[in-house]
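Structure first, then comments.
The values are calculated or read from the model by the stated rules, or taken from the named source; none is laboratory data. As the structure is a computational prediction, the values presented were derived from the model and not from experiment. Cβ placement follows ideal geometry from the backbone for every residue including glycine, while neighbour counts extend to all protein chains displayed.
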């Protein structure tokens with residue numbers, strides 16, 4: 001559902017609290033709480049698209065911290081100022097701090113927030129933490145929007161896809177997109193965007209760790225380049241939609257054989273002096289499928305990954 005545009009008798013603000021005119025939206029003031037790589041990349045895009053940017057970072061309270069922040073901003077005209085002023089001068093506040101201080105940052109902003117503000121938390125926190133932050137912001141009368149950054153912003157910059165959720169998430173997404181960011185509305189339920197991001201991280205962060213464990217062992221064995229080329233070739237020969245689907249589909253009947261192979265892999269890594277952290281977990285996963293008798297759920301080879309996921313989900317539900 002899309003928010004209705006304000007009629008002629010409205011106060012001239014759209015659903016994100018942004019002042020508008022009949023012809024065009026006015027320059028939007030964006031405030032950043034926390035000014036690291038994410039904020040520096042996004043602020044440059046906002047400024048390039050006619051927005052104004054102010055920012056607060058705890059470095060402002062440290063010796064020479066202001067100079068460090070100016071270097072991070074580069075040529076972008078970011079105004080660094082106290083937290084209270086950032087909140088008061090901004091229509092949309094983007095929280096881009098570290099995950100462990102996200103709730104604290106929201107609490108620090110709350111006393112200065114007004115109903116005209118929209119507070120967008122872009123930190124990689126869990127749905128539970130997002131909801132707790134949302135409660136903190138709601139008590140101030142401001143609108144709360146949760147956000148999830150889905151890519152490597154150091155690589156794709158302001159073009160990195162961002163999902164947002166909340167009652168006012170759709171107009172906020174529109175406003176931020178007008179300012180050069182790649183923001184998409186993902187629903188009204190707080191926690192949905194962060195759920196998506198964290199579940200996606202099971203794969204992306206797990207793959208990162210898996211690659212490093214693989215290549216560390218291969219390096220010690222003197223075959224790192226060959227193993228890397230083989231991995232790249234496997235993933236580039238066919239679309240990953242085919243490769244990944246085939247891995248899952250064949251797990252239904254081949255898990256026992258693969259378990260025994262991975263046990264040998266774990267032993268080899270130990271011989272090479274590499275602690276098999278990821279490989280140990282892989283062995284445990286295959287062993288569980290064997291223990292649950294997953295293969296007995298299939299009279300023939302599974303037709304697709306959904307069959308395997310459904311059978312495994314059912315067995316785990318009964319375990």
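Identify, from the list 135, 146, the residue that is without any contact (Cβ under 8 Å) to a residue 12 or more places away in the chain, closer than 24 Å to residue 199 by Cα and assigned by TED's automatic domain parsing to the domain that holds residue 43.
Testing whether each residue is without any contact (Cβ under 8 Å) to a residue 12 or more places away in the chain, closer than 24 Å to residue 199 by Cα and assigned by TED's automatic domain parsing to the domain that holds residue 43 leaves just 135.
I'd like to verify a number: residues in region 293-319 that are out of contact with any helix residue (DSSP H, G or I) (no Cβ under 8 Å at 6 or more places or on another chain) and touching a residue at least 60 places away in the same chain (Cβ under 8 Å), how many?
0
Between 91, 79, which is in contact with a helix residue (DSSP H, G or I) (Cβ under 9 Å, 6 or more places away or on another chain) and closer than 27 Å to residue 165 by Cα?
Values: 79 fails: closer than 27 Å to residue 165 by Cα.
From the options 91, 79, the qualifying one is 91.
Could you tell me whether region 216-223 includes any residue that is at pLDDT 95 or above and at positive phi? Please lay out each step first, then the result.
First, the residues of region 216-223 that are at pLDDT 95 or above: 216-223.
This time we only want the ones that are at positive phi, so: 222.
Checked against the condition, which is being at pLDDT 95 or above and at positive phi, region 216-223 yields at least one hit.
Any chance region 20-37 includes a residue that's more than 21 Å from residue 180 (Cβ to Cβ) and either at pLDDT below 95 or not in a loop (DSSP other than H, G, I, E, B) (or both)? Spell out the reasoning first.
Residues of region 20-37 that are more than 21 Å from residue 180 (Cβ to Cβ), as a first pass: 22.
Those still in the list that are either at pLDDT below 95 or not in a loop (DSSP other than H, G, I, E, B) (or both) too: 22.
For region 20-37, residues more than 21 Å from residue 180 (Cβ to Cβ) and either at pLDDT below 95 or not in a loop (DSSP other than H, G, I, E, B) (or both): present.
Which condition from (1) touching a helix residue (DSSP H, G or I) at 6+ places or on another chain (Cβ under 8 Å); (2) exposed (fewer than 13 other Cβ atoms within 10 Å of the Cβ); (3) free of Cβ contacts under 8 Å to residues at least 12 places away in the same chain is the one that residue 67 breaks?
For residue 67, the failing item is (1).
In the list 161, 85, 132, which residue meets the criterion of being surrounded by fewer than 23 Cβ atoms within 10 Å (Cβ to Cβ), within 19 Å of residue 176 (Cβ to Cβ) and modelled with pLDDT of 95 or more? Reasoning before the result, please.
On the way: 85 fails: within 19 Å of residue 176 (Cβ to Cβ); 132 fails: within 19 Å of residue 176 (Cβ to Cβ).
So the residue among 161, 85, 132 that is surrounded by fewer than 23 Cβ atoms within 10 Å (Cβ to Cβ), within 19 Å of residue 176 (Cβ to Cβ) and modelled with pLDDT of 95 or more is 161.
Would you mind finding the one in 236, 213 that is in the same structural domain as residue 309 (by TED's automatic domain parsing), within 25 Å of residue 268 (Cβ to Cβ) and out of contact with any strand residue (DSSP E or B) (no Cβ under 8 Å at 6 or more places or on another chain)?
Numbers: 236 fails: within 25 Å of residue 268 (Cβ to Cβ).
When all the criteria are applied, what remains is 213.
Residues of region 248-285 being in contact (Cβ under 8 Å) with a residue 40 or more places away in the chain and within 19 Å of residue 301 (Cβ to Cβ), which ones?
Once the filter is applied, which keeps residues that are in contact (Cβ under 8 Å) with a residue 40 or more places away in the chain and within 19 Å of residue 301 (Cβ to Cβ), region 248-285 yields 248, 249, 250, 251, 252, 253, 255.
Consider region 175-212. How many of its residues are in a helix (DSSP H, G or I) and surrounded by fewer than 19 Cβ atoms within 10 Å (Cβ to Cβ)?
Narrowing region 175-212 to residues in a helix (DSSP H, G or I): 175-178, 192-212.
Subset that is surrounded by fewer than 19 Cβ atoms within 10 Å (Cβ to Cβ): 177-178, 195-196, 198-212.
Count: 19.
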